[in-house]
1. If we only count helices (runs of 4 or more DSSP H) wholly inside the stretch 13-110, which ones have 1 or more residues that are modelled with pLDDT of 85 or more and within 30 Å of P257 (Cβ to Cβ)?
2. Please find, among R288, R216, R222, the residue that is among the charged types (D, E, K, R), more than 23 Å from A77 (Cβ to Cβ), part of a helix (DSSP H, G or I) and touching a residue at least 24 places away in the same chain (Cβ under 8 Å).
3. Just need a number here: residues in the stretch 192-207 that are farther than 18 Å from A124 by Cβ and either among the polar types (S, T, N, Q) or assigned to a helix (DSSP H, G or I) (or both).
4. Just to be sure I understand, how many residues within the stretch 144-164 are within 19 Å of L189 (Cβ to Cβ) and exposed (fewer than 15 other Cβ atoms within 10 Å of the Cβ)?
5. Within the stretch 69-125, track down each residue that is free of Cβ contacts under 8 Å to residues at least 24 places away in the same chain and of a type in the set (S, T, Y).
6. Which of the residues that make up the stretch 136-190 are closer than 16 Å to P116 by Cα, touching a residue at least 40 places away in the same chain (Cβ under 8 Å) and acidic (D, E)?
Amino acid sequence: MTSMLPGALVGLLAAVAVLLILSAWRQPPRSGTDRRRGSGQRLARLLAQAGWPSVAPAVLAAGSVLAALVGGIVAGAMTGLPVVALLGAIAIGSAPILLVRRRARQRTELARAAWPEAVDTMVAGIRAGLGLPEALASVSVSGPDALQPLFASAVSEHRATGSFEAALDRLQDDAADAVADRVVVALRLARELGGTSVGEVLRTLSTMLREDARIRAEIRGRQSWTVSAARMAVAAPWITLLLLSTRPEAVVAFATPGGSAVLAAAAVLSALAYLMMTRLARLPELSRLAS
């Protein structure tokens, strides 16, 4: 066990170096203060989208570092291979951020699926004789659960300022989503047109949103098995390596410089293949609209 620890420590130091290099390449060089502020804002926005706005970005960063340390130590202790310790540190260290991104993506998809229902609620209110501000307020009470807090904030803004435009700006800023941008633009247009055109604009918008959601869901359903198979193909060699690490002769083979080079090359190729797969499977995203 004692001979295994130096390898783990070397792997941990290498993992920290790799993380620092990657963080420096993510964007053009800026001052240290601007760089920290920009990273903190991105993490804060990601945490808010994931539904954890009270979690500080520093907590997420600290959790990632702690997970990297634990992953590197465990991988190094199990195999005694510095390169495996490095790979374990990188893999486990990235898990917290990947978890937050996955949750943020799921919540975004859930909210996007709820927008047609929210528009239908406004249309029903307009048919019942409500004005556009009152129809907007009805969504905060009887609209989809995923969007009620957003509309409640917009209603509070309208009551505080008396400006429907300010309420729409608040809705667009809080939602921070391309679909929400289009809903807000449609509401502005409906506000300008007035009369019977309000319901027609909103009904057309609801139809478009439902059709877009249906097409996207169909595409995701057709490619889901391909994505799952690709993930299994990437994970299978490393599961095999984990099983082989229980045999001393396999550990001895990979402890050589050539064996370490093979593992490092395999890790790079696996990462590139996974990134390529995710990029090819990614659907085109709607662009944000200026408020």
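1. Fully inside the stretch 13-110 and qualifying: 57-79, 82-93.
2. R216
3. Qualifying residue count for the region: 2.
4. 1
5. Within the stretch 69-125, T121 is the sole residue that qualifies.
6. D177, D181
The values are calculated or read from the model by the stated rules, or taken from the named source; none is laboratory data. Note that the structure is a prediction, hence the values are computed from the model and not measured. All Cβ positions, even for glycine, are placed from backbone atoms using ideal geometry, and neighbour counts span all protein chains on display.
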